[in-house]
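Every number here is computed from the coordinates shown, using simple stated rules; none is lab data. Treat the numbers as computed from the prediction; the structure is a model and nothing was measured. Neighbour counts run over all protein chains shown; Cβ positions are idealised from the backbone, glycine included.
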């Protein structure tokens, strides 16, 4: 796709980790590089929409961020030694860039190296995840805070401390040796999983999905699989992404409205991606050990293999969620199991399971609990109660497409002729 055809926000998000990687590799200061790139991104966000995207946007960002770094170095006397080092490496603005600059601007991609750096074992797992989502995924602090269900201020402090910890460690900017991959792999996969989720179901704003973000997560996961082709969980994660992303073309209507899974035109699903995902998970499961990404991929495969929503093998999905719940601490897994329980054993069984799950403090105030309860009440025939809860959930979500979808469901149930079209659609797409 031509550069001019790519929205500026998507292009900046894609380029940001690459530019951070270039400057970190060149100057050896990850914290300063990340700060400088943020300033360059702000400058681009202001200038590019008015002046047009430059012919080499990556090179533009590298040059601007590099200049910010040298200006910062020169402004602080306490950094004299680094000023000398940078001055030797960075050309004067009046001179042409050296060959190394041309190589960096042309396309060397350090994103995977940056991801492994952010997941360094000097950081706690929560800090590594938060830092990588910020620097590699390009997510805002608010988006990361929502993913972890913590206040934004808390997440901001966590990211800041993580950056300082990386800086203090003096760890070099390069891919770790193969024997060092294992200690970072769990965090790396979790980051890619969360980046994909934010791309597939954007948590805030006007858009239901950020396709470029999901595609970047898939690209990076393919790169990790190339490093570890026999790792069953890496294969499981890639399969999960492919099987889920395959539905993206059918998830929105002509006006960008959300279309739930049961109402989607399955003829619009990406058959090639589904075939690849099924092949990956079919080969990975026998290798073992079985982890949460493989189980989620197996669930996605069951959904994708059903020719119609009515033919979905819900007993198998319920059994798989039972396995997943035993090996995962994510309370959202429990919510999905509740829906599967209702599809197999009826809405009252689902409501009973939801009552037990809703006591989990991690789900306190989460609008998804309200959505699931509304869906189960609708299945049980309590249209008024379901409508009230759908309205409440629509006010609680920060995603505008989801807000509109929930409000429409409430209106249909509350209307005198509303038949409740979402009865089998489930609470998610």
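At 0.36 nm per residue, and after removing the present C-alpha to C-alpha distance, how many nm does the segment from residue 168 to residue 149 gain when stretched out fully? Let's see the in-between values first.
On the way: separation 19, 0.36 × 19 = 6.84 nm, distance 2.82 nm.
Here the segment from residue 168 to residue 149 would lengthen by 4.0 nm.
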| Considering the Cα trace of the chain, what is its radius of gyration and what is Dmax, both in angstroms? | 23.5, 76
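Calculate the translational D of the stretch 325-429 in whole µm² s⁻¹ from Stokes-Einstein, where the hydrodynamic radius comes from the Kirkwood formula applied to all Cα pairs, the temperature is 37 °C and the viscosity 0.692 mPa s. Please report the intermediate quantities before stating the final value.
Values: Rh = 13.7 Å.
Here the translational diffusion coefficient equals 239 µm²/s.
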| With r defined as the distance between the Cβ atoms of residue 31 and residue 408 and R0 fixed at 41 Å, what FRET efficiency is calculated, to the nearest 0.05? | 0.35
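Among 287-293, 177-183, how do they line up by average Cβ neighbours within 10 Å per residue, starting with the highest? Mind dumping the intermediate values first?
Working: 287-293: 17.1, 177-183: 10.7.
The most tightly packed comes first, giving 287-293, 177-183.
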| message | Please compute the contact order of the stretch 240-326 in relative form: average sequence separation of alpha-carbon pairs under 8 Å and at least six residues apart, divided by the residue count, as a percent. | response | 31
| remark: Proxy exposure order for 60, 48 (fewest C-beta within 10 Å first) is 48, 60
| remark: Distance in Å, no decimals, from the C-alpha centre of the stretch 369-416 to the one of the stretch 262-339 is 25
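Sequence gap at least 6, Cα distance under 8 Å: using those rules, report the relative contact order of the chain to the nearest whole percent.
Details: 571 pairs, mean separation 48.2, N = 429.
The value is 11 percent.
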| So how long is each side of the stretch 110-228 along the principal axes, counting just the alpha-carbon atoms, biggest first, in Å? | 42, 33, 19
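Given contacts defined as C-alpha pairs under 8 Å and at least six residues apart, what's the relative contact order of the stretch 110-228, whole-number percent? Intermediate results must be reported in sequence, preceding the final value.
On the way: 124 pairs, mean separation 32.2, N = 119.
After rounding, I find 27 percent.
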| request: Using all C-alpha to C-alpha distances in the stretch 157-197, build P(r) with 5 Å bins and read off the rounded percent in each one. | output: 5, 17, 16, 28, 25, 7, 1
| query | Can you tell which of 19, 371, 150 shows the greatest fluctuation in a Gaussian network model of the chain with Cα springs below 10 Å? | reply | 150
| query | Arranged from highest to lowest average of other beta-carbon atoms within 10 Å per residue, in what order do the peptides 38-46, 21-29 appear? | reply | 21-29, 38-46
